[in-house]
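Derivation of every value follows stated rules applied to the coordinates shown; laboratory data play no part. Not measured: the values here are computed from a predicted model. With ideal geometry, Cβ positions are generated from the backbone for all residues, glycine too; neighbour counts draw on all protein chains shown.
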Amino acid sequence: MKVIETKLKGCFVIDPTCFKDERGYFLLEYNKKGFQEKTGLQIDFVLGNQSLSQYGVVRGLHLQRGKHAQAKLIRVVKGKILDVAVDVREGSPTYGKSISVELSGENHKQLFIPRGFLHGFSVLENDTIVSYKCDNYYCPEAEDGVMYNDSDLNIDWKLKVEDIILSEKDTFLKQFKHFELKDAFQDIF
């Protein structure tokens, strides 16, 4: 597996080794020891989630605050997404900066996003299945987020505006300039 740190410290693109032949392929999806050796991080994933989405869906930008913050390891089983992480770690030199990585069932790439980041993705193909692991349990009271189309973040989701489909909840997320960080990520550095 290849592990490459992005311009956002602690965010890694993981390119697992895929063995292909006439029968199909074999992919080692996750190896805790290998992950720890290549990233230097001690992560214990406790939750696994999967979603099915159609072309045009945008999920995000979300996070969990405080002691409920989550690190995530995202992969696509089928289809294609543009996965986005935004650094909201107070005092970080890349605060407010984002990265976008295309993840697909074909390229098998994964994105590791540490605690202290907003996360979202846009769906670029119908019937896309996204699977992700989290290192902390979900807590509805700790949920927060920022609008996907915030002008300060200026993220290109690779979709036409008229094709974008949002959940009702995501249509009411706040603007980045109103996103308050105070005590949002205690004890994560």
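For this structure, a couple of remarks:
- Using a simple spin-label model with pseudo-atoms 7 Å out from Cα toward Cβ, residue 62 and residue 46 lie 1.8 nm apart.
- Members of 80/177; 20/97; 2/177; 78/160; 20/158; 67/174 lying beyond 27 Å, as alpha-carbon distances in this model show: 80/177; 20/97; 2/177; 20/158
- Proximal aspartates and glutamates relative to residue 72, as straight alpha-carbon distance under 18 Å, when same-chain residues fewer than 8 apart are discounted: 5, 15, 29, 37, 44, 83, 87, 102, 135, 143, 144, 187
- If a spin label sat at a point 7 angstrom from the Cα of residue 163 along the line to its beta carbon, the backbone N atoms of the range 37-57 nearer than 20 Å would be those of 52-57.
- A viscosity of 1.002 mPa s and a temperature of 20 °C, combined with the Kirkwood radius over C-alpha pairs in the Stokes-Einstein formula, give the range 2-178 a diffusion coefficient of 129 µm²/s.
- With R₀ fixed at 45 Å, the C-beta to C-beta distance from residue 151 to residue 22 puts the FRET efficiency at about 0.35.
- Cβ-based net charge around residue 177, under 11 Å, with every Lys or Arg adding one and every Asp or Glu removing one: -2
- Net charge of neighbours whose Cβ lies under 15 Å from the Cβ of residue 46, counting Lys and Arg as +1 and Asp and Glu as -1: +3
- The chain, helix-only ellipticity at 222 nm - DSSP H runs n ≥ 4, -39,500 (n - 2.57), divided by all residues, nearest 500: -1000 deg cm²/dmol
- Sorted peptide list for 82-88, 16-22, criterion being average Cβ within 10 angstrom, highest first: 82-88, 16-22
- Among 178, 108, 62, the largest mean-square fluctuation in a Gaussian network model of the chain (Cα springs under 10 Å) belongs to 178.
- Net charge contributed by nearby residues that have their C-beta within less than 9 Å of residue 95 (K/R +1, D/E -1): 0
- Taken one residue at a time, the phi angles of the range 100-111 give Karplus couplings (6.51, -1.76, 1.60, θ = phi - 60°) of 10, 9, 7, 10, 8, x, 8, 7, 6, 5, 10, 10 Hz. Gly and Pro are set to x.
- When the chain is treated as a GNM with alpha-carbon contacts under 10 Å, the residue of 105, 120, 91 showing the greatest mean-square fluctuation is 91.
- Counting only the Cα atoms, the range 72-166 fills a convex hull of 116 Å³ per residue.
- Among 68, 119, the ranking by other beta carbons within 10 Å of each residue's beta carbon, starting with the fewest, stands as 68, 119.
- Dipole check for the range 41-189: with +1 at the C-beta of Lys and Arg, -1 at the C-beta of Asp and Glu, and the Cα centre as origin, the magnitude is about 240 Debye.
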